[in-house]
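Trainee: I'd like to ask some things about the structure below.
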Amino acid sequence: MKTILYFIQKEFLQIFRDKMMLPIIFAIPVIQLLVLSYTATYEIKKIDLGIVDLDRSVTSANFISKFEASPFYVLKLVEPSYQDLDEMMQKGDLEQIIYIPQHFEEDLLNKNNTTVQIITDAINGSAASLMSAYSAQILGGFNMEFLIEEMMIPVAYRQINNEVAYWYNPELDYKTFMVPGILVLLVTIIGLFLSAMNIVKEKEIGTIEQLNVTPIKKYQFIIGKLMPFWFIAMFDLGLGLLIAKFVFAVPMLGSVPLVIGVAGVYLILVLGIGLLISTLSDTQQQSMFISWFFVMIFILLSGLFTPVENMPIWAQKLNIINPIAYFIEFMRLVLLKGSSFMDVWKNIVSISVYAVVMIALATLRYRKHS
């Protein structure tokens, strides 16, 4: 035990002696959490809109005013010609064009129907779907208002009323959804990269040979290498949870001790992967690239940005080896839904087994004589 404690002390001294490492470990994750949580959003606001109004009637003006009043749109231009707006969309100055035909008002009053064309820049498919949904919602509201107020059509007929409830995130605040995932991501990156470069750094500067001739055992070596980064990552996680609670007002409905406990096991898993990579690499450059290769795949498959259920079947099966996916799901379930241990036991078992396997592989792979 004393050997491990002396080894941990030596590792802490080595870490804090490097002045460049301190901002990387403590300041950068906090800054990234604050910046990414505000910028990584699915919401689309201030859509640049152009309207072609060939009717120029009171009804078309009322219709246009609905878009002007919407917080999602910025009405940049109302033109009687389509050509100018088409050129603006090609240049990227417009994201959506509403085309109001001639006889818009007359057709509504006499034929009870007309057609309004909605043209959307669909290079970004997800954004295009949202923009179309916004415009369809405004169009539906205008339809109902016109039928009731202008055409005096009574609504005293049987109808289905909607009562919509949003559970677990009633304000539909994207930060509530994103902050726990981003926090997992930052802690993972910090833990993985620091541990991945640790043993290989000893190889590069030649101190690994001095360690190899000491009577320290392999498991003591791995524990001594792992624990300093575990404490640092847990500190970063705790700091991130405080920021999530008091800066982003993320509801923490579940058990915080459960989160801390599982986070401790998860970080052992991440650090185990990092140490395994470090034992396999000969240089810090190799270690960095291997870590980057895996972490990018894990992030994209984790469900942080895209629901895992929407991915191809092969990608969902590949997620079995993705530790980030397990922990992001766990964090969202416990923090946002208040799930108990019995609700998330599968995630906990998966993380625990994975952690044991990674630590075992890292210990076996480390050769004292190398």
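The values are calculated or read from the model by the stated rules, or taken from the named source; none is laboratory data. Quantities reported herein were computed from a predicted structural model and do not represent experimental measurements. Glycine also receives a Cβ, built like all others from the backbone with ideal geometry; neighbour counts cover every protein chain displayed. For the accessible areas, the whole protein counts, side chains as well, though only heavy atoms, and no ligand, DNA or RNA atoms are used. Shrake-Rupley method; radii C 1.70, N 1.55, O 1.52, S 1.80 Å.
Trainee: Treat every Asp and Glu Cβ in region 56-117 as -1 and every Lys and Arg Cβ as +1, leave all other atoms uncharged, and give the resulting dipole magnitude about the Cα centre to the nearest 20 debye.
Mentor: 180 debye
Trainee: Another one. Go through Lys46/Lys66; Lys175/Lys346; Lys317/Lys337; Lys19/Lys218; Lys2/Lys225; Lys175/Lys317 and tell me which ones have a Cα-Cα distance over 19 Å in this structure.
Mentor: Working: Lys46/Lys66 14 Å; Lys175/Lys346 26 Å; Lys317/Lys337 25 Å; Lys19/Lys218 29 Å; Lys2/Lys225 15 Å; Lys175/Lys317 28 Å.
Over 19 Å apart, Cα to Cα: Lys175/Lys346; Lys317/Lys337; Lys19/Lys218; Lys175/Lys317.
Trainee: How big is the chain in terms of Cα radius of gyration and Dmax, in angstroms?
Mentor: Radius of gyration, then largest Cα-Cα span, for the chain: 28.4, 96 Å.
Trainee: Place the peptides 109-116, 325-332 in order of packing, highest mean first, counting for every residue the other Cβ atoms within 10 Å and averaging per peptide. Please list the in-between numbers first.
Mentor: Details: 109-116: 11.8, 325-332: 24.5.
Going from most to least packed, we get 325-332, 109-116.
Trainee: Probe radius 1.4 Å, ligands and nucleic acids ignored: give me the carbon and sulfur share of the accessible area of the chain as a rounded percent.
Mentor: Within the chain, the accessible surface is 64 percent carbon and sulfur.
Trainee: Gaussian network model of the chain, Cα springs within a sub-10 Å range: biggest mean-square fluctuation belongs to which of Leu130, Leu226, Leu275?
Mentor: Checking each option, the largest mean-square fluctuation is seen for Leu130.
Trainee: For the chain, what is the charge dipole size about the Cα centre, in debye to the nearest 20, if Lys and Arg each add +1 at the Cβ and Asp and Glu each add -1 at the Cβ?
Mentor: Values: 26 positive and 31 negative charges, 619 e Å.
With only Lys, Arg, Asp and Glu charged at Cβ, the dipole is about 2980 debye.
Trainee: If a paramagnetic tag sat 7 Å from the Cα of Ile313 along the Cα-Cβ line, which residues of region 319-363 would have the backbone N under 19 Å from that point?
Mentor: 319-321
Trainee: Arg56 to Glu204: extension gain in nm, 0.36 nm per residue of separation minus the Cα-Cα distance?
Mentor: Computed gain between Arg56 and Glu204 is 45.8 nm.
Trainee: Also: When only C-alpha pairs under 8 Å and at least 6 residues apart count, what is the relative contact order of region 222-370, in percent?
Mentor: Computed value for region 222-370: 37 percent relative contact order.
Trainee: I'd like to compare 297-305, 119-127, 315-323: which one has the highest average count of other Cβ atoms within 10 Å, and what's the full order after that?
Mentor: Output ranking for 297-305, 119-127, 315-323: 297-305, 315-323, 119-127.
Trainee: Could you do me a favour and compute the accessible area per residue for the chain, 1.4 Å probe, result in Å²?
Mentor: Heavy-atom accessible area per residue stands at 55 Å².
Trainee: Roughly speaking, what is the stretch gain from Lys76 to Tyr99, that is 0.36 nm per residue apart minus the C-alpha to C-alpha distance, in nm to one decimal?
Mentor: 6.9 nm
Trainee: Here is a further query. If we count every other residue with Cβ under 14 angstrom of Phe330's Cβ, Lys/Arg +1 and Asp/Glu -1, where does the sum land?
Mentor: So the environment of Phe330 carries a net charge of +1.
Trainee: Starting from 0.36 nm per residue, how many nanometres of slack lie between Lys45 and Phe305 once their C-alpha separation is accounted for?
Mentor: My answer for the length gained is 91.8 nm.
Trainee: Something else: Size of region 52-109 along its principal axes in angstrom, Cα-based, largest extent first?
Mentor: Between the extreme Cα coordinates on each principal axis of region 52-109 lie 37, 26, 12 Å.
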